[in-house]
Amino acid sequence: MYKKVHLDLTILCAGITAAIMVSMSLLYLHISETEIYKNHFNSFQNDMNTIVMNLENQSIISMEWLSRMESRGNYIFYVLDNGIPYLYNILKDNSEKSLLFTEAMEAYEKHFSIAPSDDNSMSSFLFSSHMEYTFTSPSTGNDYYGCVIEIEKNSSTLQVIILSLLDSLENQIFRQRILFLMINIVTIFLLSAFSWIFTGKLLKPISENQQKQAQFIASASHELRTPLAVILSSAESCRDASPEKQSSFLETIKREGFHMSALIEDMLTLSSSDSQRFPVRMQPVELDTLLLNSCEAFESLAKKKLITISLSLPENTLPLCFCDSDRIRQVISILLHNAVSYTDEGGFIKLSLSYDKEQFHIFVTDNGIGIPDDDKKKIFDRFYRVEKSRSTKGHFGLGLSIAYEIIKSHGGTIGVKDAFGGGSTFFIYLPVK
């Protein structure tokens, strides 16, 4: 399912971006090609204006001048003097060229709705006139710019037809389109790769959360299976046992029932934090008093293992901490209980409080077995235990996860580091507000 969602999001993300990019590219190409055609046609018109000026100022049109004009502008000239072709055209004339000029004149007449007169002149002009237009040759299929120039001088009519093949312009347009096509293909490929990576990072927390949920359910089932098996076994054994044995089995059932109840309570607490319904009632709290009460509550448990537990508080009066006193007390209890559980007989535990830069610093230090560096980043994960043997100490691997969620809901920080001389130091940083 994750791979399908990843693929669908990649296609959606890359598809929308690619569609916008292709649309913008097509729009740009349309504007660019329109501008190129316009500039090219304007350049053709300017050349025609120059040629008309030269024709008006020349009394004789030489073959050398015509040849030079054709080669310079890649033009084709067809000159008629009173309807009679020039010798230049007669020498270079062929059936294809004659057909081309016939098509050009037909396109001119159709474009400007002008019908030829009996003397083969297009119209009578007092001085001179020229018209530029675009047409496609039916015989060759090529596009041309055409210009028809008419000059009346001394009762003589000079008619010049000039054609310009647009193959160079069309090749330029074609190369531009190919360039944009290649750019779009490369860009779409890069967009697809970026979208795959980007959506993968977006989905990574969801995937990790799904894996954690699956792991959580598997671990919870494993933790519940053992006490449940003990309860069922004890209940079965009670049936035929003596009264003394029944009392022992019932005590076992009660103990395992409390064991399951505590585990379920921890899981419900973590479930509340996952659904953003973690109950936190913020109010002004005297942290020094809270730590003093927590320390006293664990003195009797520490004495059973001959562990010395001490409390260090600052001499100066501390400001009130805006927090949930019950939740913070729960965190301190989790840390002290772990410290007592994993500290050998004759060890010590130190609980201390300090205040600096708008933050409260709480430390729980012991000289117990310590935590390996590789496990320091994992101990706040759910159901994680450094050693499987620690499960015999009544720990499910949820206490530190609950502590982490509580401190996070307060906007604080919790972590662990090695204590000087051996053991571990858990630290908590809480903001004043």
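Among the numbered conditions (1) among the aliphatic types (A, V, I, L, M); (2) assigned to a helix (DSSP H, G or I); (3) farther than 30 Å from LYS212 by Cβ; (4) open to solvent by 60 Å² or more (accessible area, probe 1.4 Å), the only one that LEU291 does not meet is (4). So, LEU158, is that one of a type outside the set (D, E, K, R) and either open to solvent by 20 Å² or more (accessible area, probe 1.4 Å) or within 23 Å of ASN39 (Cβ to Cβ) (or both) or not? For LEU158, the condition - of a type outside the set (D, E, K, R) and either open to solvent by 20 Å² or more (accessible area, probe 1.4 Å) or within 23 Å of ASN39 (Cβ to Cβ) (or both) - is met.
Restrict the check to the range 34-45 and report whether at least one residue is without any contact (Cβ under 8 Å) to a residue 60 or more places away in the chain and not in a helix (DSSP H, G or I). Show your work before the answer.
Just the residues of the range 34-45 that are without any contact (Cβ under 8 Å) to a residue 60 or more places away in the chain, to begin with: 34-35, 38-39, 42-43.
Within this subset, residues satisfying the condition of being not in a helix (DSSP H, G or I) are none.
No, the range 34-45 has no match at all.
Suppose the filter is open to solvent by less than 20 Å² (accessible area, probe 1.4 Å), at pLDDT 70 or above and assigned to a loop (DSSP other than H, G, I, E, B); does ILE369 pass it?
On the way: open to solvent by less than 20 Å² (accessible area, probe 1.4 Å): no; at pLDDT 70 or above: yes; assigned to a loop (DSSP other than H, G, I, E, B): yes.
The answer is no for ILE369.
Has the range 125-134 got any residue that is surrounded by 14 or more Cβ atoms within 10 Å (Cβ to Cβ), in contact with a helix residue (DSSP H, G or I) (Cβ under 7 Å, 6 or more places away or on another chain) and modelled with pLDDT under 85? Yes, the range 125-134 contains at least one residue that is surrounded by 14 or more Cβ atoms within 10 Å (Cβ to Cβ), in contact with a helix residue (DSSP H, G or I) (Cβ under 7 Å, 6 or more places away or on another chain) and modelled with pLDDT under 85. Among what's in the range 21-76 and is of a type in the set (Asp, Glu) and in contact with a Ser or Thr (Cβ under 9 Å, 6 or more places away or on another chain), pick the residue that is nearest to TYR88 (Cα to Cα). If we take residues in the range 21-76 being of a type in the set (Asp, Glu) and in contact with a Ser or Thr (Cβ under 9 Å, 6 or more places away or on another chain), then GLU56 is nearest to TYR88 (Cα to Cα).
Screening the range 297-319 for residues that are free of Cβ contacts under 8 Å to residues at least 60 places away in the same chain and within 18 Å of ASP356 (Cβ to Cβ) and picking the one that is most open to solvent (accessible area, probe 1.4 Å) gives GLU315.
Considering only the range 70-94, how many residues are among the hydroxyl-bearing types (Ser, Thr, Tyr) and at pLDDT 85 or above?
Our first condition is that a residue be among the hydroxyl-bearing types (Ser, Thr, Tyr); within the range 70-94, this holds for 71, 75, 78, 86, 88.
With the extra rule that they be at pLDDT 85 or above, the set shrinks to 75, 78.
Matching residues across the range 70-94 total 2.
For the range 85-104, a residue qualifies if it is farther than 16 Å from TYR75 by Cβ and open to solvent by less than 50 Å² (accessible area, probe 1.4 Å), and the qualifying residues are PRO85, SER98, GLU103.
Please determine, by comparing only the residues of the range 340-354 that are under 28 Å from SER409 (Cβ atoms) and at pLDDT 90 or above, which one is most open to solvent (accessible area, probe 1.4 Å). Step through it out loud before you land on a result.
At the first step, the residues of the range 340-354 found to be under 28 Å from SER409 (Cβ atoms) are 340-342, 349-354.
Right, trim to at pLDDT 90 or above and you get 349-354.
Numbers: ILE349: 0, LYS350: 91, LEU351: 0, SER352: 20, LEU353: 10, SER354: 39 Å².
Among those residues, the one meeting the criterion is LYS350.
Residue count for the range 161-189 satisfying the condition of being surrounded by fewer than 12 Cβ atoms within 10 Å (Cβ to Cβ) and of a type in the set (Gly, Ala, Ser): 1. Comparison of LEU7, LEU80 shows that the only residue that is farther than 30 Å from LEU190 by Cα and not small (Gly, Ala, Ser) is LEU80.
Report, by residue number, each residue of the range 33-69 that is open to solvent by less than 70 Å² (accessible area, probe 1.4 Å), out of contact with any helix residue (DSSP H, G or I) (no Cβ under 8 Å at 6 or more places or on another chain), within 30 Å of ARG177 (Cβ to Cβ) and not aliphatic (A, V, I, L, M). Hits for the range 33-69 are PHE41, ASN42, SER43, PHE44, GLN45. For the range 71-88, the condition holds for no residue, the condition being that it is hydrophobic (A, V, I, L, M, F, W, C) and in a loop (DSSP other than H, G, I, E, B).
The values are calculated or read from the model by the stated rules, or taken from the named source; none is laboratory data. The structure displayed is predicted, hence computed values, not measured ones. Cβ atoms come from the backbone with ideal geometry, glycine included; neighbour counts cover every protein chain shown. For accessibility, only protein heavy atoms count, side chains too; no ligands or nucleic acids. Shrake-Rupley method; radii C 1.70, N 1.55, O 1.52, S 1.80 Å.
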